[in-house]
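Quick note: the coordinates plus some simple rules give every number you see, no bench work behind them. The structure presented is a predicted model; accordingly, all values stated were derived computationally and were not measured. Backbone-built Cβ (ideal geometry, glycine too); neighbour counts: all protein chains shown.
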Amino acid sequence: MNSTKIKSQATNVIVTIEKGLLGLIAILTVIATAQELVAIVDARKVDLADLLLLFIYTEVLGMIGVFYASNRIPITLPLFIAMTAIARLIILQGKEMDASVLIYEASAIAIIALACLIIRFKPPWTYKYQPEEDE
């Protein structure tokens, strides 16, 4: 076998595994969403932390949907998930946490938001893949 065929087969295996894992993540996210909804109904109370968790699940499913539609994951989607997760962490920690921890976590959200802005307004640039030449 030549190296091009081996690379092609390896790429196909990796892409298949990637799509399978994303499908599994989607299924598990739906299950986790259902479990959270059952917990909310059982508690008969909806907290902001619950809503943020449901939002995170929605963003994960949206990210998977975007990947299946375009074979790309925009970098801003995981950043939005990270900001939401940190906000949820702040809410779950409550008033007992040290003020410096709150400042660090809020700063992390601000830094991620700044990264989203930079990515959003960066000049258009795409990487042109140039395959290696066989020697």
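Taking the Cα atoms only, what angle lies between the long axis of helix 99-120 and the longest principal axis of the chain, rounded to 10 degrees?
Once rounded, one gets 40 degrees.
Among (1) 43; (2) 26; (3) 20, which one is percent of Cα pairs over 27 Å apart computed from these coordinates?
(1)
Under 13 Å from a point 7 Å along the Cα-to-Cβ line of residue 39: which residues of the range 69-103 have their amide N that close?
89, 92
Could you count how many Lys pairs in the chain have their Cα atoms under 25 Å apart, skipping same-chain pairs fewer than 8 positions apart?
Values: 5/19; 5/128; 7/19; 7/128; 19/128; 45/95.
Lysine pairs meeting both conditions in the chain amount to 6.
Give me a comma-separated list of calculated 3J(HN,Hα) values for the range 43-49, in order, Karplus coefficients 6.51, -1.76, 1.60 applied at θ = phi - 60°, integers in Hz, x for any Gly or Pro.
So the J values, rounded to whole Hz, are 6, 6, 7, 10, 9, 4, 4.
Divide by every residue of the chain the summed helix terms, -39500 (n - 2.57) for each DSSP H run of at least 4, and state the resulting mean residue ellipticity at 222 nm, rounded to the nearest 500 deg cm²/dmol. The partial results should precede the final answer.
Working: 4 runs with 104 residues, N = 135.
After summing the helix terms and dividing by the residues of the chain, the value is -27500 deg cm²/dmol.
If contacts are Cα pairs under 8 angstrom and at least 6 residues apart, what is the relative contact order of the range 1-116 in percent?
Details: 54 pairs, mean separation 25.5, N = 116.
Contact order relative to length: 22 percent.
Between residue 97 and residue 113, what length in nm is gained on full extension when 0.36 nm per residue of separation is reduced by their alpha carbon distance?
On the way: separation 16, 0.36 × 16 = 5.76 nm, distance 2.30 nm.
Here the segment from residue 97 to residue 113 would lengthen by 3.5 nm.
Calculated FRET efficiency, residue 27 and residue 122, Cβ-Cβ r, R0 35 Å, to nearest 0.05?
Values: r = 34 Å, r/R0 = 0.99.
Efficiency for this residue pair is about 0.50.
Between 62, 90, 8, whose Cα lies farthest towards the positive end of the dipole of the chain when Lys and Arg beta carbons carry +1 and Asp and Glu beta carbons carry -1, centred on the Cα centre?
62
For the range 83-92, in order, what is each residue's ³J(HN,Hα) by Karplus, 6.51 cos²θ - 1.76 cosθ + 1.60 with θ = phi - 60°, in whole Hz (x at glycine and Pro)?
4, 5, 5, 5, 4, 5, 4, 4, 5, 5
Can you compute the charge dipole magnitude of the chain about its Cα centre, using +1 on each Lys and Arg Cβ and -1 on each Asp and Glu Cβ, nothing else charged? Give it in debye, rounded to the nearest 20.
Working: 11 positive and 13 negative charges, 72 e Å.
Roughly 340 debye, rounded to the nearest 20.
Would you order 42, 47 from fewest to most other beta-carbon atoms within 10 Å of each residue's own beta-carbon? Walk me through the numbers before you get to the answer.
Working: 42 8, 47 12.
Result, fewest neighbours first: 42, 47.
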